[in-house]
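Trainee: Pasting a structure below so you can have a look.
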Amino acid sequence: MTHNETKFAPKIALYQPDIPQNTAAIIRLCACLNTDLDIIEPTGFNINDKRFKRVVMDYIGMSKIYRYEDYNNFIKKNQKSRIILMTTKAKKSYLKFKYKKDDIILLGRESAGVPKDLHLSIKNKLKVPIKRRARSLNVAVTAAIVSAEIIRQNNFDY
C-alpha cells in the first residue's frame, strides 16, 4: 500500500476505551488509512502518559484524534454522520450492510461494550461473525476488518 494524502472519510470512534494497547493499535490503523479517530471519554488510562505515547510511537502525529468529554458531545459534533455500533449482540453481519463515506464506526469499551440505553438508541448495529464458543474479537481487529470493507465498498484508492 502506498501513501496517499487523500482524506478517507469514514471515522472510527472509541467509547470509553480502557486498554491502552488497543487504542494505540487503532491510532496506528487510523494513521495508515488516513482516517480520523474519535475518543469518547473517560478513558481507562491517561492518553498523555509517556508510556502510552511510547506504545503509539510516531503514529499519534499522523492522524487526527478528537476527544469528547462524553457521548452527548460526540453526538452533537457528528449529527450529520451515521453511527454504526459494532457489537456481538447485533443480528446483522458487517458484510450485509451498505456503508456511506461519512459513516462512523463505534466500538464499545473492551471490558463492557456500551451501556444498554446507548445500545438501544443506536439504529445501526453490526457484528463480525465468529464461531459460537468465541466471546469476541479484539476491538482493534474489528476496526481493521470493518474499515477494509468500507474501503472496498466505497472504492477508496490508496
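Trainee: What number comes out for the charge environment of Met86, summing +1 per Lys or Arg and -1 per Asp or Glu over other residues with Cβ under 9 Å away?
Mentor: Values: positive: Lys125, Lys127; negative: none.
Here the count lands on +2.
Trainee: Which net charge results for the neighbourhood of Ile39, defined as the other residues with beta-carbon distances under 13 angstrom from its beta-carbon, given Lys and Arg at +1 and Asp and Glu at -1? Kindly include the intermediate steps, with their values, before the conclusion.
Mentor: On the way: positive: Lys11, Lys64, Arg67, Lys77, Arg109; negative: Asp18, Asp36, Asp38, Glu41, Glu69, Asp70.
Value of the local net charge: -1.
Trainee: When the chain is modelled as a GNM with alpha-carbon springs shorter than 10 Å, which of Ala112, Ala148, Ala134 fluctuates the most?
Mentor: Most flexible of the set in this elastic network: Ala134.
Trainee: OK, next. Between Asn155, Phe74, Thr87, whose Cα lies farthest towards the positive end of the dipole of the chain when Lys and Arg beta carbons carry +1 and Asp and Glu beta carbons carry -1, centred on the Cα centre?
Mentor: Thr87
Trainee: If you wrap a convex hull around the C-alpha atoms of region 64-155 and split its volume per residue, what is the figure in Å³? Before the final figure, lay out each step's value.
Mentor: Values: hull volume 10.8 nm³, N = 92.
Enclosed volume per residue, from the Cα hull, is 118 Å³.
Trainee: Tell me, what is the 1.4 Å probe accessible area of Asp117, in Å² to the nearest 10?
Mentor: Ignoring ligands and nucleic acids, Asp117 comes out at about 110 Å².
Trainee: How much of the DSSP beta bridge set in the chain is antiparallel, as a percent to the nearest 5? Mind showing how you got there, number by number?
Mentor: Working: 1 of 22 bridges.
Counting only bridges with both partners in the chain, antiparallel ones make up about 5 percent.
Trainee: In Å², what does the accessible area per residue of the chain work out to with a 1.4 Å probe?
Mentor: Working: 9430 Å² over 158 residues.
On a per-residue basis, 60 Å².
Trainee: Multiply the residue separation of Asn155 and Asn72 by 0.36 nm, subtract the distance between their alpha-carbon atoms, and state the gained length in nm to one decimal.
Mentor: Working: separation 83, 0.36 × 83 = 29.88 nm, distance 3.18 nm.
Extending this stretch completely gives an extra 26.7 nm.
Trainee: Sort Glu69, Glu149 by heavy-atom solvent-accessible area, probe 1.4 angstrom, most to least. Write out the running numbers ahead of the final one.
Mentor: Values: Glu69 140, Glu149 15 Å².
Largest accessible area first, the residues go Glu69, Glu149.
Trainee: Can you check what the Kirkwood hydrodynamic radius comes to for the chain, Cα pairs only, in Å to one decimal?
Mentor: Numbers: mean 1/r = 0.0629 Å⁻¹.
It is 15.9 Å.
Trainee: Would you mind getting me the FRET efficiency between Gln21 and Lys64? Use the beta-carbon distance for r and R0 = 22 Å, nearest 0.05. List each step's numbers first, then the result.
Mentor: Working: r = 21 Å, r/R0 = 0.95.
After rounding to 0.05, the efficiency reads 0.60.
Trainee: For Phe74, Phe97, Phe156, write out the residues from largest to smallest accessible area, computed with a 1.4 angstrom probe and no ligands counted. Intermediate results must be reported in sequence, preceding the final value.
Mentor: Details: Phe74 0, Phe97 20, Phe156 45 Å².
Greatest to least solvent exposure: Phe156, Phe97, Phe74.
Trainee: With a 1.4 Å probe and all protein chains left in place, how much of the accessible area of the chain comes from carbon and sulfur atoms, in whole percent?
Mentor: Numbers: 4790 of 9430 Å².
Carbon-and-sulfur percentage of accessible area, whole number: 51.
The values are calculated or read from the model by the stated rules, or taken from the named source; none is laboratory data. Note that the coordinates shown come from a computational prediction; the quantities given were computed from them, not determined experimentally. Glycine also receives a Cβ, built like all others from the backbone with ideal geometry; neighbour counts cover every protein chain displayed. We work out accessible area using only protein heavy atoms, side chains counted, and drop any ligands, DNA or RNA first. Shrake-Rupley method; radii C 1.70, N 1.55, O 1.52, S 1.80 Å.
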